[in-house]
Amino acid sequence: MAKLRHLAISVKDPEKAAKFFEEAFGMTRAGNAQRGVYMSDGVINVALLNFGEEPVPGFDKGYEGLIHFGMWVDDTDLADKRIKDAGGT
């Protein structure tokens, strides 16, 4: 079974968002990203990223919200097949 391990969120102020995740959810800082902060609950990682004037690939300029998610799988070839069989690309 695949497991969710990573979320990337575009935010205006990564530091403010990080403090919110600390206070609201008890998450801890796992490190700094080029554009923001990585937060963790010990299992799942959340990247809080500010793209500034650079558009988020695939989104309108100034977009805030979910950018992508990452799944942990044991067999990437099997996962690829299952994604395609389910209608994914």
Potential lengthening between A2 and K61 on full extension [0.36 nm per residue; Cα-Cα distance subtracted]: 18.1 nm
Apportionment of accessible area to carbon and sulfur, the chain, percent (1.4 Å): 54 percent
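Count neighbours as other Cβ atoms within 10 Å of each site's Cβ, and list the GluC sites (Glu not before Pro) in the range 1-71 that are DSSP loop with at most 13 such neighbours. List each step's numbers first, then the result.
On the way: sites: E15, E22, E23, E53, E64; in loops: E53, E64.
Loop-located and lightly packed - E53.
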Answer label for log10 I(q)/I(0) by the Debye sum over Cα atoms at q = 0.11, 0.16, 0.21 Å⁻¹ (calculated), chosen among (i) -0.53, -0.92, -1.05; (ii) -0.31, -0.65, -1.06; (iii) -0.38, -0.72, -0.99: (iii)
Where trypsin sites (Lys or Arg not before Pro) fall in DSSP loop in the chain, at most 15 other Cβ within 10 Å: K12, K61
Degrees between helix 14-25 axis and first principal axis of the chain (Cα, 0 to 90, nearest 10): 70 degrees
Antiparallel content of DSSP bridges confined to the range 1-61, in %, to 5: 65 percent
Cβ-placed point charges (K, R +1; D, E -1), dipole of the chain about Cα centre in debye, nearest 20: 60 debye
Nitroxide proxy distance, nm - points 7 Å out along Cα→Cβ at K12 and T28: 3.1 nm
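Between W72 and E53, 0.36 nm times their residue separation minus their Cα-Cα distance comes to what?
On the way: separation 19, 0.36 × 19 = 6.84 nm, distance 3.13 nm.
Length gained between W72 and E53: 3.7 nm.
Mind checking the per residue accessible area of the range 1-63 for me, 1.4 Å probe, whole number of Å²?
I get 65 Å² per residue for this part.
The values are calculated or read from the model by the stated rules, or taken from the named source; none is laboratory data. Remember, predicted model here, so these are calculated numbers, not experimental data. So basically every Cβ, Gly included, is an ideal-geometry build from the backbone, and we count neighbours across all protein chains shown. In case anyone asks, the SASA skips ligands and DNA or RNA and just uses the protein heavy atoms, side chains included. Shrake-Rupley method; radii C 1.70, N 1.55, O 1.52, S 1.80 Å.
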